[in-house]
Amino acid sequence: MNTDYQKIAELLLTQKQYQIIKDTPLDYDSLYEILVEEYESLLYLDWTGEDDEDQLYDFLIERLALEEQTINIDTASIYKTMYQEFDKGNLQRGDAVTYLVNAYKQHLPQNYVIIEVDTQSDFYLLGITTTNKETTLAEIHTDFGDVTKFGTKERG
């Protein structure tokens with residue numbers, strides 16, 4: 001049993017979710033399946049952006065609700081401004097995720113951060129967690145990918 005994978009799962013799942021899977025042996029594929037597909041504690045986004053408007057915002061709302069936290073953001077105005085920036089040429093294809101994360105992180109509950117898994121690829125695996133958990137996650141290094149506060153990884 002990979003103890004680093006177990007620790008990642010413990011930190012990214014709710015206590016109730018983790019109790020269900022805690023005795024499950026985890027490898028790369030099963031960790032991905034649990035975190036992305038089964039419990040949706042990480043959101044997969046293509047480098048070009050969301051599949052639908054508010055996909056990231058809806059993800060944040062759902063994950064925060066599991067922690068009994070809330071946010072309320074006027075996403076319409078954020079998208080309007082973002083599209084204006086695209087029209088002016090200030091943003092290019094691939095900039096949408098960074099733009100949205102930067103807009104949303106200002107509205108997160110205190111001590112919460114948006115994280116990303118460094119997959120060594122051009123897609124994003126995003127999540128939300130407390131700053132304490134993010135610090136612990138950042139100390140774990142596996143082939144699943146380093147988990148850090150969003151923006152730590154340079155994209156090129």
| request: Looking only at the stretch 30-60, count how many residues are surrounded by fewer than 16 Cβ atoms within 10 Å (Cβ to Cβ) and either hydrophobic (A, V, I, L, M, F, W, C) or in contact with a Lys or Arg (Cβ under 7 Å, 6 or more places away or on another chain) (or both). | output: 2
| message | Take the conditions of a type in the set (K, R), within 21 Å of L26 (Cβ to Cβ) and assigned to a helix (DSSP H, G or I) and apply them to K133. Does it pass? | response | yes
| field | Positions within the stretch 120-141 being among the hydroxyl-bearing types (S, T, Y) and open to solvent by less than 30 Å² (accessible area, probe 1.4 Å), in sequence order | value | Y124, T129
| remark: Here the residues within the stretch 95-118 that are of a type in the set (S, T, Y) and open to solvent by 30 Å² or more (accessible area, probe 1.4 Å) are T98, Y99, Y112
| field | Qualifying residue in the stretch 74-86 (condition: of a type in the set (G, A, S), modelled with pLDDT of 95 or more, in a helix (DSSP H, G or I) and surrounded by fewer than 11 Cβ atoms within 10 Å (Cβ to Cβ)) | value | yes
| request: Find all pairs meeting these conditions: Cβ atoms under 8 angstrom apart; at least six residues apart or on different chains; first residue within the stretch 31-50 and within 20 Å of R93 (Cα to Cα); second residue open to solvent by 10 Å² or more (accessible area, probe 1.4 Å) and outside any loop (DSSP other than H, G, I, E, B). | output: L43/V36; L43/Q55; L43/F59; Y44/V36; L45/Q55; T48/A96; G49/A96; E50/A96
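Go through the stretch 87-120 residue by residue and tally those that are part of a loop (DSSP other than H, G, I, E, B) and free of Cβ contacts under 8 Å to residues at least 24 places away in the same chain.
Number satisfying all stated conditions: 8.
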| Out of (1) out of contact with any strand residue (DSSP E or B) (no Cβ under 8 Å at 6 or more places or on another chain); (2) open to solvent by 40 Å² or more (accessible area, probe 1.4 Å); (3) touching a residue at least 24 places away in the same chain (Cβ under 8 Å), what's the single condition that is false for Q17? | (2)
| remark: Only one of (1) at pLDDT 95 or above; (2) over 22 Å from L108 (Cα atoms); (3) touching a Pro at 6+ places or on another chain (Cβ under 9 Å) does not apply to N2, and that is (1)
| task | Determine whether the stretch 63-70 contains at least one residue that is outside any helix (DSSP H, G or I) and hydroxyl-bearing (S, T, Y). | result | yes
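For the stretch 1-59, give me each residue that is assigned to a strand (DSSP E or B) and small (G, A, S).
G49
The values are calculated or read from the model by the stated rules, or taken from the named source; none is laboratory data. Remember, predicted model here, so these are calculated numbers, not experimental data. Every residue, glycine among them, receives a Cβ derived from its backbone with ideal geometry; neighbour counts consider all protein chains shown. We work out accessible area using only protein heavy atoms, side chains counted, and drop any ligands, DNA or RNA first. Shrake-Rupley method; radii C 1.70, N 1.55, O 1.52, S 1.80 Å.
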